[in-house]
Amino acid sequence: MYILGIETSCDETAISLIEANEASNSVRVLGNTVHSQIDVHIPYGGVFPNLAKREHAKNLIPVLAQTLEQAGAIESAPIDGPSVITPDLEPVLASIFTYEPELLEAVMAFIPTIRKPRVDLISITVGPGLTPALWVGINFARALSIIWNIPLAASNHMEGHILAALISKTDLPLGGPGTIVDATGSYDLLDRRITYPALSLLISGGHTQIILVEKVGSYKIIGQTRDDAVGECFDKIARTLGLQYPGGPKISALAAQARAEGIESPEPLPRPMISSDDFDFSFSGLKTSVLYLTKRLTADGKTLSVDQIKGIAREAEDAMTDVLVAKMKKAVEAFGIETVIVGGGVVANAHIRKALETLAVSEGLRILVPQIDHSTDNALMIALAGYFGRDKALAPGTELKAFGTLPVGPRI
Ligand code: KG4
Ligand code: ZN
């Protein structure tokens, strides 16, 4: 089964084409492109939704072209006849792209120039995310599904982050954000090899959740942040310290330097809710503590020294890590868990990864972590969500809706 995954929920325009094999329970990634918009959003200090939307509209066709080209470069590339836009489709497409005229133009120009790729399902992120950004991807997926007469899967971005850790391959060069990532190759699916229920920790820019995974496709949220997500906390603390968006990677680099150089924070920072009797989180107090500490240190017109910035970065990263590990330890014990699945952009943080791996060793857990370039947003994970949700596939052209908030399952 060939699945085209499309992801536009935030500031990455990503398209992936995979071939899933049910018998061998494996997937082959035929093409996988991630175009990051980070540079465009830096001046705004965060992702600006309408700008993200505009950028997606501009990038979807080039990203599709790149993904198909990668797939075409593989000898057995599946090709399925001509790709034509018949005149009767033109008004349909015009109405789908009412708000994205330049994307309509790009679709009309590009699609007839290629052969129809063999695709059995188009999986599109319908939420959670920035609704203007989600809509562009949804409209694009619907248009392709109509032109090529291919069913649609409405996929959940957070489920994608869980599934990104359920594929395994070892010999892959790492890609980084801001570049085109080539992750073509073969992967085994691990869903049939793990003990359920498993526990998933999702840490991204918009989410911090602990999810009970009863099986793939069946999730219960047992804990989540009451205010800021951990990635958001990284980004906001970075801003307070005068570092550029996205701050997560910068904090983590400075924290690593502080550890190597033995630099401590001028003051300890709180570990909010670390001992609370639940699996919830709160990170806004930590962010505010950094703000107040910074204000105090710069009260009489001084600027923060490099060592102060490094020390605070280290302490902030330690505080977030301590809370995440403590809550996971508690949840693992409460639910008798053997397997932990980690996902979301913050998994790119080496310190947090290592702390979770240490927890896994001490608790005798199996821990599944996505490779770095699959931890931040990508469309491979959305193609996987489509594959696992194939029973719920919708007819070509089905109208879909964007959901800013879309829980993966009920809160218990
Ligand atoms: O999953 P993701 O790509 O997008 C969302 O769905 O939110 O996560 C992005 C978040 C950002 O907040 C970014 O600062 C954070 O992941 N992040 C990191 C690191 N790399 C990315 N946070 C801490 N350390 C990192 N190395
Ligand atoms: Zn994400």
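Computed from the coordinates by the stated procedures, all read-outs in this text should not be read as laboratory data. On a predicted model such as this, the values are computed, not experimentally measured, just so you know. Quick reminder, even Gly has a Cβ in these numbers, built from the backbone with ideal geometry, and neighbours come from all protein chains shown.
P(r) for segment 196-369, from all Cα pairs and a bin width of 10 Å, is 10, 39, 32, 14, 4, 0 %, short bins first. Fewest-first ordering of THR13, THR131 by other beta carbons within 10 Å of each residue's beta carbon gives THR131, THR13. Within the listed set GLY223, GLY344, GLY386, the Gaussian network model of the chain (springs between alpha-carbon atoms below 10 Å) gives the highest mean-square fluctuation for GLY223.
Straight Cα distances below 19 angstrom link LYS215 to the lysines LYS392, with same-chain residues fewer than 8 positions distant left out. Only Cα pairs within less than 10 Å get springs; with that Gaussian network setup on the chain, which residue of ILE124, ILE312, ILE194 has the largest fluctuation? Answer for the Gaussian network model of the chain: ILE194. Can you give me the C-alpha center-to-center distance between segment 233-300 and segment 367-412, rounded to a whole angstrom? A separation of 31 Å, based on Cα centres.
Within the straight-line cut-off of under 19 Å between alpha carbons, the lysines reachable from LYS250 are LYS236, LYS287, LYS310, LYS354, sequence neighbours fewer than 8 places apart in one chain being disregarded. Summarising the strand pairing of the chain, around 65 percent of its internal DSSP beta bridges are antiparallel.
Inter-label distance, TYR44 to GLU102: 1.4 nm, where each label sits 7 Å from its Cα along the C-beta direction. The residues PHE97, PHE140, when put in order of fewest to most other Cβ atoms within 10 Å, stand as PHE97, PHE140. The charge dipole of the chain, taken about the Cα centre with unit charges on the Cβ atoms of Lys, Arg (+1) and Asp, Glu (-1), comes to about 480 debye, rounded to the nearest 20. Counting only residues at least eight positions apart within a chain, or on another chain, the lysines with an alpha carbon under 22 Å from that of LYS58 are LYS116, LYS401. What separates the Cα centres of segment 97-155 and segment 29-49 is a distance of 18 Å.
When each of SER95, SER186, SER289, SER282 is scored by the number of other beta-carbon atoms lying within 10 Å, the sequence from fewest to most is SER95, SER186, SER282, SER289. Using a Gaussian network model of the chain in which every pair of alpha carbons under 10 angstrom is joined by a spring, one finds that among ARG192, ARG239, ARG366 the greatest mean-square fluctuation is at ARG192. The listed peptides 254-262, 295-303, ordered by packing as a protection proxy, come out as 254-262, 295-303 (highest mean of other Cβ atoms within 10 Å first).
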